[in-house]
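Notes to accompany the following structure.
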Amino acid sequence: MSTNSSALTIAERFLTAFQARDWEKLHGLLADDITWSMPGEGTISGTIHGADAAVDRARQIAGQGLHTELLHILVGTHGAALSLHNTATSPDGRRLDEYLATVLTMRHDRITAIDSYLSDVDGMSSFFTAP
């Protein structure tokens, strides 16, 4: 399997596991020393380290009723980028409507880094706030 098709396959598996809330499969795609950066000031912002922390962040994001629409998968030399549209409405009526690029850096068929780039950092920060 070529590097590009491997990156595409891993990116597809990542998104499928996230959308299915299959945390075990998601964990299996991640390197033990993964980092995940997220801009902003929300409860999901900052850089986390480790596969367990990455799965915990994914659970926190999904736990807010997030609907993720895949727009494109872009493949590069060191991984893939998912072009996504995320929407959600919180129980108290706050709305999230953002476009983002989730960049997956890969090594040896494992995701070693996730970097999130958002169209509305302030909106994400407002949506993901402490209760």
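The values are calculated or read from the model by the stated rules, or taken from the named source; none is laboratory data. Owing to the predicted nature of the structure, the values given are computational and were not obtained by experimental measurement. For neighbour counting, all protein chains shown are included, and Cβ atoms are generated from backbone atoms with ideal geometry for every residue, glycine included. For the accessible areas, the whole protein counts, side chains as well, though only heavy atoms, and no ligand, DNA or RNA atoms are used. Shrake-Rupley method; radii C 1.70, N 1.55, O 1.52, S 1.80 Å.
Filtered by the rule that a residue be in a helix (DSSP H, G or I), in contact with an Asp or Glu (Cβ under 8 Å, 6 or more places away or on another chain) and not hydrophobic (A, V, I, L, M, F, W, C), the range 101-131 gives 123, 125.
For the range 84-100, indicate whether the set of residues that are loosely packed, with under 14 Cβ neighbours inside 10 Å, more than 15 Å from the chain's Cα centre (by Cα) and over 23 Å from residue 125 (Cβ atoms) is non-empty. Checking the range 84-100: not a single residue is loosely packed, with under 14 Cβ neighbours inside 10 Å, more than 15 Å from the chain's Cα centre (by Cα) and over 23 Å from residue 125 (Cβ atoms). Scanning the range 84-131 for residues that are out of contact with any Leu (no Cβ under 7 Å at 6 or more places or on another chain), under 13 Å from residue 39 (Cβ atoms) and among the charged types (D, E, K, R) yields 115, 120, 122.
Can you name the residue in the range 14-53 that is among the β-branched types (Val, Ile, Thr) and within 17 Å of residue 105 (Cβ to Cβ) and is also surrounded by the fewest Cβ atoms within 10 Å (Cβ to Cβ) among such residues? It would help to see each step written out before you state the result.
Going through the range 14-53, the residues among the β-branched types (Val, Ile, Thr) turn out to be 16, 34-35, 43-44, 47-48.
Okay, now just the ones that are also within 17 Å of residue 105 (Cβ to Cβ), so 34-35, 47-48.
Details: 34: 23, 35: 16, 47: 12, 48: 17.
My answer is 47.
Candidates in the range 54-82 are the residues that are loosely packed, with under 13 Cβ neighbours inside 10 Å and assigned to a loop (DSSP other than H, G, I, E, B); of these, the one that is farthest from the chain's Cα centre (by Cα) is 77.
Just to be sure, is residue 8 assigned to a helix (DSSP H, G or I), open to solvent by 30 Å² or more (accessible area, probe 1.4 Å) and in contact (Cβ under 8 Å) with a residue 12 or more places away in the chain?
Details: assigned to a helix (DSSP H, G or I): yes; open to solvent by 30 Å² or more (accessible area, probe 1.4 Å): yes; in contact (Cβ under 8 Å) with a residue 12 or more places away in the chain: yes.
In short, yes.
On the given criteria, is residue 40 at pLDDT below 95 and outside any helix (DSSP H, G or I)? Against the criterion (at pLDDT below 95 and outside any helix (DSSP H, G or I)), residue 40 does not qualify. Beta carbons closer than 7 Å, at least 6 apart along the sequence or on distinct chains, pair a first residue in the range 112-124 that is under 19 Å from residue 10 (Cβ atoms) with a second that is part of a helix (DSSP H, G or I) and among the hydrophobic types (A, V, I, L, M, F, W, C) for 114/54.
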